[in-house]
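What follows is a single structure, and I will ask about it in a moment.
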Amino acid sequence: MRLRFAVVASGLILAASIATAASARADALPSRSSDPDPERLLEGFAAVDRPMGIAEGSVGVLTLPRAEVCADRTFGCSQGDVSFAVEVWQIYRFTRRFAFGAGALLGLIPTAQPQQDPEAVARDHERSYLTLEGSFRYYPYVGESLEAWLGVTGGGVVVNDSFQVEDDNDDRALLGNQGVTIRTEGGSLGAATGFAYRLSDHFSFGGTLRYTTWFLPNEPATDPLGSEASLTGRNVVLSAAFGLAYRVSL
């Protein structure tokens with residue numbers, strides 16, 4: 001009787017030991033329910049999960065392919081213009097897919113030189129472009145190292161035409177200032193696209209391409225010597241730029 005009891009007890013102890021070992025082994029194995037969320041394994045742009053502030057700076061080219069650039073329309077106009085341009089933007093990215101912001105573009109060195117009246121006072125003509133615009137962006141593709149966006153822009157544009165008398169001793173310049181600036185103001189509306197390539201946690205390299213229409217007054221302003229504002233009416237503008245962006249989580 002005692003022998004039978006001992007055998008039964010030994011069997012129970014062995015069964016309990018096997019069950020305990022199996023339970024410990026099961027606890028050591030990973031459970032599917034405890035697998036990490038794949039979203040938490042993403043890096044770079046794809047890991048954006050909170051609002052971000054972005055500061056962008058770039059350089060590029062601004063073109064007005066069909067613009068009539070004039071100083072005196074009686075003597076003809078130059079067709080089209082190309083200018084070196086600088087852009088700065090402040091962007092608030094409130095989700096992974098959407099952002100908005102504002103920025104400025106400055107066209108510094110236009111190349112078109114319109115003809116002037118050869119009988120008039122000889123004057124140098126310098127021109128520059130300035131736009132102040134808002135932008136709304138949508139990011140259709142967001143990868144870890146690369147992302148692309150589409151957007152719309154709109155705002156204001158200012159064209160500065162500066163005329164400076166070349167000869168300081170010209171008697172006809174003694175009646176007034178030797179230089180005068182004509183400012184032409186209007187609106188702008190366009191579409192844009194761009195990309196960004198991740199360089200580090202905070203910096204990225206990117207590029208933009210924009211198609212914009214400028215809406216300027218149809219009648220050019222003139223100065224006391226009869227020179228006119230160089231651009232009027234509706235003008236199509238194409239611009240491309242490349243630069244760096246700094247990003248910080250908010």
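Read the figures in this text as sums done on the coordinates, not as results from a lab. Quick caveat: nothing in here was measured; it's all calculated off a predicted structure. Cβ atoms come from the backbone with ideal geometry, glycine included; neighbour counts cover every protein chain shown.
Which pairs turn up if I take residues in the stretch 137-159 that are over 23 Å from residue 202 (Cβ atoms) and look for partners that are among the acidic types (Asp, Glu) with beta carbon separation below 7 Å, at least 6 apart in sequence or on another chain?
Every condition considered, the pairs that remain are 153/133; 154/133; 155/133; 156/185; 158/185.
Take the residues of the stretch 66-117 that are outside any strand (DSSP E or B) and of a type in the set (Lys, Arg): which is nearest to residue 232 (Cα to Cα)?
Here the answer is 73.
I would also like to ask the following. Condition check: in contact with a Lys or Arg (Cβ under 9 Å, 6 or more places away or on another chain), closer than 23 Å to residue 206 by Cα and free of Cβ contacts under 8 Å to residues at least 40 places away in the same chain. Does residue 84 satisfy that?
no
Go over the candidates 206, 233 one by one and state the one that is surrounded by 18 or more Cβ atoms within 10 Å (Cβ to Cβ) and either farther than 15 Å from residue 68 by Cα or out of contact with any Lys or Arg (no Cβ under 7 Å at 6 or more places or on another chain) (or both).
206
Go through the stretch 141-153 residue by residue and tally those that are of a type outside the set (S, T, N, Q), in contact with a Gly (Cβ under 6 Å, 6 or more places away or on another chain) and in a strand (DSSP E or B).
Of the residues in the stretch 141-153, 1 are of a type outside the set (S, T, N, Q), in contact with a Gly (Cβ under 6 Å, 6 or more places away or on another chain) and in a strand (DSSP E or B).
Moving on to the next point. Among the residues of the stretch 179-205, which ones are of a type outside the set (Gly, Ala, Ser) and not in a strand (DSSP E or B)?
Passing the criteria: 199, 201, 202.
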